[in-house]
Amino acid sequence: MFNKKTGKSKKININKNDKRKKTFNPNLFNPIYRIRIYAYIFTFFLVLYLVSLIFVIHQNRYFIATKINHINFVKEQVKDNQIIEENEIINNDIVKKNYGDDSPITKFVNNKISFYNLSYVPKNLINVSSDYVADIKWYQTLRTEANQALQQMAKDFFDNFWEKMVVVSAYRSYDYQVWIKSRWCSDLFCAKPWFSEHQTGLALDLWEASTQKEFLNNSKFVSYFEWMKENAYKYGFHNTYQKGVAVDWYVVEPWHWRYLGVSLAKKLFNENITFAEYYKNSK
Ligand SMILES: [Zn+2]
């Protein structure tokens with residue numbers, strides 16, 4: 001077609017449009033643009049997947065290593081004590097049949113004496129949160145017996161200080177302890193997964209402090225601790241780690257309290273001995 005005004009043919013305009021089509025057009029219907037978007041999305045998820053994979057491998061490496069260590073440890077224990085019992089291996093856990101009960105209130109654990117059942121979970125775990133107990137984590141639990149004693153103790157504590165008793169940590173499962181250890185916490189500060197008193201569902205940490213020095217530098221905490229030292233045994237609680245590594249196997253922890261029942265806690269208080277000393281003497 002010939003345009004009389006411009007004297008140019010429309011054919012030239014059509015060619016111009018064709019040229020425009022060949023340049024990049026950021027339009028979802030443009031196949032090149034679409035492929036590029038798919039490539040970006042694919043790369044994003046690939047990177048996300050690889051990062052998650054590295055994280056999971058790192059976590060599992062420790063988890064698997066601790067399980068293997070536990071199996072070897074239990075085998076050694078069985079060999080040393082010359083106890084020939086039926087051992088069952090379920091999902092890499094050694095479950096000792098009729099060998100021992102992990103549930104007594106006076107069950108002793110330290111970094112040499114473990115639970116018989118690696119994945120022991122106490123029954124009747126109850127949330128500690130109440131009018132007198134502040135649970136600063138999501139959902140802290142203790143066994144019924146320990147929880148009832150804690151509530152009574154916290155009520156009397158409240159009458160003295162007009163403050164709730166603050167629970168920083170209570171029952172900790174085997175898997176949770178594995179996670180804590182995966183952050184490379186020393187054995188003197190954090191128990192290995194199958195050795196932690198927190199797995200009994202009878203131990204709790206009160207008031208937040210990461211070291212003994214930090215705890216004792218806080219005058220409020222010191223006054224709470226003094227009250228606990230004088231009164232906790234009346235409710236069945238004992239400060240498990242108070243004489244240092246040589247006696248108790250762990251560093252001094254003024255915040256860590258273990259429910260042992262009133263009669264044993266009272267006995268330890270009267271004789272001024274720790275649970276570890278009592279256990280050693282009773283063997
Ligand atoms: Zn503790």
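The values are calculated or read from the model by the stated rules, or taken from the named source; none is laboratory data. Keep in mind that this is a model prediction, so the values were computed, not measured. Note that each Cβ is placed from the backbone with ideal geometry, even for glycine, and that neighbours are counted across all protein chains shown.
If the condition is being without any contact (Cβ under 8 Å) to a residue 12 or more places away in the chain and either under 17 Å from A149 (Cα atoms) or away from the ligand (no atom under 12 Å from the Cβ) (or both), then region 195-219 contributes T211, K213, E214, N217, N218, S219. Please go through region 233-283 and give me each residue that is in contact (Cβ under 8 Å) with a residue 60 or more places away in the chain, under 27 Å from D156 (Cβ atoms) and within 14 Å of the ligand (Cβ to nearest atom), ordered by number. Hits for region 233-283 are F237, D248, W255, R258, Y259, F275.
Screening the candidates W194, W227 for the property of being touching a helix residue (DSSP H, G or I) at 6+ places or on another chain (Cβ under 9 Å), more than 29 Å from S119 (Cα to Cα) and not aliphatic (A, V, I, L, M) yields one hit, W227.
The numbered conditions (1) surrounded by fewer than 17 Cβ atoms within 10 Å (Cβ to Cβ); (2) at pLDDT 95 or above; (3) under 21 Å from the mean Cα position of the chain (by Cα) are all true for V121 except (2). Among the residues making up region 44-57, those that are among the β-branched types (V, I, T) and at pLDDT below 95 are V51, I54, V56, I57.
Looking only at region 248-266, residues that are touching a helix residue (DSSP H, G or I) at 6+ places or on another chain (Cβ under 8 Å) and exposed (fewer than 15 other Cβ atoms within 10 Å of the Cβ) come to 2 in all.
Filtering region 173-189 to residues that are of a type outside the set (S, T, Y) and either part of a strand (DSSP E or B) or at pLDDT 70 or above (or both) leaves D175, Q177, V178, W179, I180. Flag not set for A134, criterion: outside any strand (DSSP E or B) and among the hydrophobic types (A, V, I, L, M, F, W, C).
Of the residues making up region 219-241, just one is surrounded by fewer than 20 Cβ atoms within 10 Å (Cβ to Cβ) and within 20 Å of K107 (Cα to Cα), namely K234. Condition first: modelled with pLDDT under 85 and assigned to a helix (DSSP H, G or I). Now tell me which residues in region 200-221 satisfy that. Within region 200-221, Q212 is the sole residue that qualifies.
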